Amino acid sequence: MTRRSGGASIWIVTGDGARRIDSCVHEWCPNAERVPDGFHIVSWMADALGKISRRLWNQARGNGDDEAARRMRGVRYAVLKNPDRLAGRQDESPTALRNTDPRGRLYRARQLKELLRGLLGHPIGQAEDELKHWVFRASRSRIPEIVESARKIRRRRPDILRTIGSGYPNARLEAFNNRIKVTIRMAYGFQRVTNLISLIMLRCGGLDIRLPEPVS
């Protein structure tokens, strides 16, 4: 959590895109704006990729297509990794995707994941147009898991744009998240949620509090 430069509103950093958080934030922090960290935004697509690969693998096994099941098993873990994290034979897996599924569902899904990951690092003006195009493309992919992810990202589009516009690296947003989680543990036993919010503001709000110094 951090203050805007004007001091009138705050950002609430969260990795969860669940709607239930909105009502809580609006009730207890009416001036707050949600800012999901980039890691969790990309993880929504990574989860979809995992579901697609499992579905296609199970379909191949159910159809008795041992060769397709073997190919799918060979790439199902590699597609979840970022391209710069692939090692050894995993480097060949993205290329092999084209031959794994004749309809190219896993290949197209991985492309969409990488496009989403890339646009998070672009300037806000460019990223806004790219995100709009991404949602359009994902919504028409005819891949159920990707269509569902597109709905979630469309719903969280303002939050995602705030993440990009903040200019904060993912590590700093994650640091805010972790600090808030530690503060919640520290507040165990508090009888009022307002006390917890005050403690979070004190620890994470960027307030410059100077203790009085002894007078000699």
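Rule-based calculations on the coordinates, nothing more; no lab input. What you are looking at is a predicted structure, and each value in this text was computed from that prediction instead of being measured. Here the Cβ positions follow ideal geometry from the backbone for every residue, glycine too, while neighbour counts run over all protein chains shown.
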Quick one: which of 199-207, 130-138 comes out on top by average Cβ neighbours within 10 Å, and what's the full order, highest first?
130-138, 199-207
Taking 63-73, 157-167 and ranking on average Cβ neighbours within 10 Å, highest first, one gets 157-167, 63-73
Which order, highest average first, do 31-38, 19-26 follow once you tally other Cβ atoms within 10 Å for each residue and take the mean per peptide?
31-38, 19-26
